[in-house]
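Read the figures in this text as sums done on the coordinates, not as results from a lab. A quick note: this is a predicted structure, and the numbers were derived from the prediction, not measured. Glycine also receives a Cβ, built like all others from the backbone with ideal geometry; neighbour counts cover every protein chain displayed.
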């Protein structure tokens, strides 16, 4: 094959180089090279972290255990177990524990006087507009002004009667004993790219271990006391129980799948996710209303619960590093090799030129 | 230390350069340099956006307020408050508001004729297969063919009787007044890398502000009228209320933590997330069935609700830019510096060579 | 304008080059160049995938259909429809189907003997501590030791009585027929960057198609039999139904929006997300307790359900490639162009130098 017809393929061009013998410049060159390589590798490693980040496919299931006796105002002593205090919801990556509650029993559809707030009193029917309601209403105004108690009159409303009257949560919290409840968190992760599966209940854990393990001694124990989690998040359970709130359970999987130093263990940490910016807070905590409905002699009744509680959001983060380490290793290495290789191609010029 | 023994460290090699005095080439060089730098920086900034994206740790809680009176077919007038219209679920980042409902009262376990659809009529027991059911069934066939009404016979089924008969949602929607309900959205975000926390209820907001603020005048108001959100998503509330749907509430945090121009405020926007590809749609909207159970004289009864409604999904996006800006600044700057630096090392060759 | 005052702008510096005529070196150069370019483009394409990944805004709604008759121990035959077996929750991207259940009827607040476990028997009141409870308790100990049955005595507890006694789930699963239930999954996605919207119910699908389509023949059918999904995940439904579990429904949107080869279709796959690491498992499956509450003659009763079931988590992944392909194409192309361009500027030196 004639080389002249494939000129591009047969030619090799390289820079003419000057080799300067100088300690100052030599070390400067090397430190610059090192710094640039370091920078590139750091950037790549840093990027990688986030790229892998979304790659974990995770499944979380939780199981709360515990039982407590609580004196509910207007209801009396009552034992609460998990079906009672979990509230009505079964979310995927979070669970809710009721810590405080305002109960309004035996509500029926009917007409009754609205609860008086500072600016809600009326004198005559003219003060009440039929059909009106606003954000603070418990029902639709009928247009009448009726007696709320001996002293005060308020607009009558169509509503679930009697209306919930208590506005601030009981102190101390009715179910503050939830501090001693425990939760078992089951977390399975999968790195699809590596077809690697892992579970936070490790193979070495048996049922005796799980019954006795404690977070204080053993950071891998998958059973947590609610009180411990809140304390690790820097909060006081009894205080938080009053208004409720949100605690994040962060599970971090830091895995290295390289054959010689394989390790892949979860690390648990806890943070309060709401209400930290300022001391004074508007609309603090977390509460919602739900009701249990009954038919009594063909009439629907309900018991209204305003439940304050703590929602625990489980968040799983993960990264793993086998293939990518290899890739980065290779690329950084090949950059070095490339450089070394190119350095062999210099014209061996040795001059003691000074450079300004 | 002898330099010859550390040759690699003491040598400095640099390219032999040719300096050409040419306006055309000079400006070409500079614009190429600028373009490449720009490209690199744009790529980095662009990547950064998405990398930071998943870094926000966010917590959302919502609280819907409002009350309405609705005439339910077969039930009568009824006041609905939040415990009634929220449905049975308390999801983490979304809330549901019932806007339309089909109620079937006093269902009991028993046997009754299946509801006739176009192709569900029978003539004799031979047309009915004991144990059979399909997607449209309300129960398990007993094998008998019984009278549904004066004209039609259908297969008898074991089911909750009487069977829900109405198939299409009432028009207009029973709870269309939900348009005027409001929701308070509390969103706390955290950029873990910077240990920076922020809340969408800003420190300057007090309770008087929150009672009166309106999205129309004030884009930071964290209280939203449901109707406004749907309208901003380009939809008609009364229409959407009939079949239900999904509205996305997008909260975008665009934060700059640089000391001199710190700003970090949320921006709210709204989109309909379902049903937009085509005009004609199959299985439109969002509805699900739930039931309230009762024991009546030892027999379980239930009231079945087919609830149509709007699910509001809160999605939080965030990015912040202090450290990375610095890093990018530095790297782009150092690239420039490096280039300038290297340019000082040229052999000062000045020729007026022409280049083709 | 004098060029000497703008020296930087008018000068152009370029390396002195040596052109070597050598097949070996020439082809080496080209393969190195190609390798580096390939590496850069692969890295960019690879990054892109994940960057787009989090960009999909997706909404999922699901609708389960099916009805079954089940014989509940202690309750009798009962028809279960969707309101019964969905459990109490309506999650955003997942749905739950009860497959097995332990029912404890007519529980009332009261005092009764704790259920005996291996180490829970007592002889006298001294063995019972008033107020005590632990993870396995069903109530708060009263301090008395009472008869559980003819042979055994256990500590009395304040609890919901009678206490749930059965501990392991019925085999075969009570609602194993859920295998034949179907679910319609509606998924809308949006690539905000491209303002592109897509729905998994394609425009060509009509209601006749949806009534008859089957996953076995048609991978785009959006209606799935629960049993098929579990089988595709490599599991046995009847076995899984006993203890419950978590199945992931992965929807992958691989879209190319380039005008000449536009395609954008969903691909469904299924995986079991829990319990795969080892054969022997502690705390297998998925179950939770919920209760239906009733007022009977003014006393609250409840029916406790320990529901075992399968949670189906829908996960949507997506990527699209129009703009970015163009960008990458351009940049890789321009890198080539730049290189070619720079190669035109060499001093045409042709020497046959040998290089060590």
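Mind sorting B:304, C:175 by how few other Cβ atoms lie within 10 Å of their own Cβ, fewest first?
B:304, C:175
If we hang a label 7 Å off Cα along the beta carbon direction at residue A:212, how far is it from the matching labels on the other copies, in nm, shortest first?
6.6, 6.6
Just counting partner chain Cβ atoms within 10 Å, what average do the residues of peptide A:63-73 show around their Cβ?
Across the residues of A:63-73, the mean count of other-chain Cβ atoms within 10 Å is 3.
Which of B:249, A:140 has the fewest other C-beta atoms within 10 Å, and how do the rest follow up to the most?
In increasing order of surrounding Cβ atoms, one gets A:140, B:249.
Once you average over the residues of C:132-139, how many Cβ atoms of partner chains fall within 10 Å of each Cβ?
Taking all residues of C:132-139 together, the mean is 5.
Sticking with the crude label model, points 7 Å out along Cα→Cβ, report the distance from residue B:231 to residue B:150 in nm, one decimal please.
Calculated label separation equals 4.9 nm.
Relative contact order of the range B:115-162: what whole-number percent is it, with Cα pairs under 8 angstrom and at least 6 residues apart?
37
If R₀ is 41 angstrom, what is the calculated FRET efficiency for the pair residue B:297 and residue C:125, using the beta carbon separation as r and rounding to 0.05?
So, using R0 = 41 Å, E works out to roughly 0.55.
Please report, for residue B:33, the nm distances (one decimal) from its label point, 7 Å out from Cα along the beta-carbon direction, to the equivalent points in the remaining copies, shortest first.
Copy-to-copy label distances at residue B:33, shortest first: 2.4, 2.4 nm.
Put a dot 7 Å past each Cα toward the Cβ at residue A:216 and residue C:263; how far apart are the dots in nm?
Roughly 6.2 nm, to one decimal.
Based only on other Cβ atoms within 10 Å, what is the fewest-to-most ordering of B:80, B:253?
The fewest-first ordering by Cβ neighbours comes to B:253, B:80.
With contacts defined as alpha carbon pairs under 8 Å and 6 or more residues apart, what's the relative contact order of the range B:93-198 in percent?
31
Using only the Cα atoms of the range A:115-162, build the gyration tensor, take square roots of its eigenvalues as a ≥ b ≥ c, and label the shape rounded, prolate or oblate: rounded if a/c is under 1.5, else prolate if a/b is larger than b/c, else oblate.
rounded
Sort shortest first the distances from residue B:106 to its counterpart in every other copy, using label points 7 Å along the Cα-to-beta-carbon line, and give them in nm.
Label-point distances to the other copies, shortest first: 2.4, 2.4 nm.
As an exercise, use a Förster radius of 60 Å and the Cβ-Cβ distance of residue C:207 and residue A:23 to find the FRET efficiency, rounded to the nearest 0.05.
0.10
Calculate the spin-label point distance for residue A:75 paired with residue A:117, positioning each point 7 Å from the Cα along the beta-carbon direction, and give it in nanometres.
Going from the residue A:117 label point to the residue A:75 one covers 2.5 nm.
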